[in-house]
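Scroll down for the structure; my scribbles are underneath it.
The values are calculated or read from the model by the stated rules, or taken from the named source; none is laboratory data. No experiment lies behind these values; they were computed from the predicted model shown. When we count neighbours, we look across all protein chains shown, and the Cβ atoms used for this are built from the backbone with ideal geometry, even at glycine. The area values use the complete protein model at the heavy-atom level, side chains included, leaving out ligands, DNA and RNA. Shrake-Rupley method; radii C 1.70, N 1.55, O 1.52, S 1.80 Å.
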Amino acid sequence: MYSTLSGTSAICKTGAGTVLGTVTGSSGGHITIDIDAKVTCGILGTITWVASYTVTSPTGLAVEKEAPPVEPTTELFQSTGGTQDTLPAGTELAASLQSGSSMSIKDDHGVQATTCTGSEFNGKTEVSGKTVTLPLSNLAFTGCSHTTKVLKPGKLHFAWTSGSNATVSSSEAEVTVVSTAYGISSLCKTTTGTPIGTLTGAKEGNATLDVNSKVDCGILGLSTWTGTYTITKPTGLVAGEAITPTTELFQSTGGTQDTLPAGTELAASLQSSSSTIIKDSGASLATTCTGSEFNGKTEVSGKTVTLPLSNLAFTGCSHTTKVLKPGKLHFAWTSGSNATVSSSEAELTVVSTAFGLSSLCKTGTGTTIGTLTGAKEGNATLDVNSKVDCGFLGLSPWTGTYTITKPTGLVAGT
């Protein structure tokens, strides 16, 4: 900056990062940059810089927060004869320390704490969010140089990375290592999820788990745990990204299945001689209805089939039950001819006939309500068994069985 009066010059610098002002976006016109900053200007000291700029090119410029990356959903598969079958929840997974090797724990100074020539674990898989979880029913160490005892086997968590491999973490495990010389005991434990190593999948033979981890071992500090396990069950274990199938609804007629096009009417009514029941969170009866029906026309929406309801009604109710918004149903194929069904944007009120109190039940952005059981002949059924947010009644159980009256022969698939 150069003074035209005194002829002195000052250098103004923004340094490593000086906040200058605010950008205001515009959906169709020009964005503006409003400057209101403090800038260091040498002999002038810290000066105030105020200005407003219009960005002339391009128009319609806007600033948006970058969406976080989508974490893949992990599945474990068994590879057999060139095909990969998803391991269902409840599949047993077992491993043992690789033959001729050892498992080693060293303290934070690299001093050997214990070495074990044998180790094994097993458990049954669970699907838990984006990972596959293995609650361990057994974790054991044998042939150890110092007494090594498992207090809690904990859980393993598999998160797919690339190819047929996955990172493996441990939680809730507790192991004590006791010095045979001094009798001092240290407690090693994995917290909410300690990364312990890598699963290397094998399309043929046995996958391996290479453990190379830092574990909190109390007085031993952050200790190094190493070892290589062979996955003995199942063989051909590989990890991969779960592929969400695209759901379609079909009408089965005379042994053939025809895809229901968008705009097909689907209607259902409460099964004859049954009732639909809503109870409060304490299992006290909120309302019982002897009649209910719904209908709408299908839409294809991403991976699911959506049914915006044009009508949802309850009749013969023990308490006044009024539908404010029928909402939408969403069908997601599971297996065979069946699908899970969720509801969104539905709202209904239940009014006590005794006290006049009204509770608002709503399904929000998406509440799983039950299961569609397809029928290649006759009528499919929708079994409702759900927990619905009903205001002061709490998370309320809703049960009932509907018969799909239109179309007949309704089945789900991909």
Spin-label pair Glu241/Ser335, simplified geometry with 7 Å Cα→Cβ offset, distance in nm: 2.5 nm
The chain - convex hull of alpha carbons, volume per residue in Å³: 298 Å³
With at most 11 neighbouring Cβ atoms within 10 Å, loop GluC sites (Glu not before Pro) (DSSP) excluded, longest segment of the chain: 205-376
Gain in span if fully extended, Thr315 to Glu126, counting 0.36 nm per residue against the direct Cα distance: 64.0 nm
Chymotrypsin sites (Phe, Trp or Tyr not before Pro), loop per DSSP, at most 10 other Cβ atoms within 10 Å - longest free stretch of the chain: 1-181
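If the chain between Glu92 and Lys149 were fully stretched, how many nm would it gain, using 0.36 nm times the residue separation less the Cα-Cα distance?
Gain in length upon complete extension: 18.2 nm.
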Length gained when the stretch Thr232-Glu299 is fully extended (0.36 nm per residue, less Cα-Cα span): 19.5 nm
Heavy-atom accessible area order for Thr56, Thr73, largest first, 1.4 Å probe: Thr56, Thr73
Near-label residues of region 243-276 by backbone N, under 11 Å of a point 7 Å along Cα→Cβ of Thr290: 273-275
For the chain: relative contact order, % (alpha-carbon pairs under 8 angstrom, 6 or more apart): 10 percent
Cα point-scatterer Debye curve for region 122-272, base-10 log of I(q)/I(0) at q = 0.14, 0.20 Å⁻¹: -0.77, -1.26
Lys322 paired with Thr48, simple spin-label distance in nm, labels 7 Å along Cα-to-beta-carbon: 5.8 nm
Leu187 paired with Thr142, simple spin-label distance in nm, labels 7 Å along Cα-to-beta-carbon: 2.8 nm
Accessible area in square angstrom per residue, region 125-186, 1.4 angstrom probe: 47 Å²
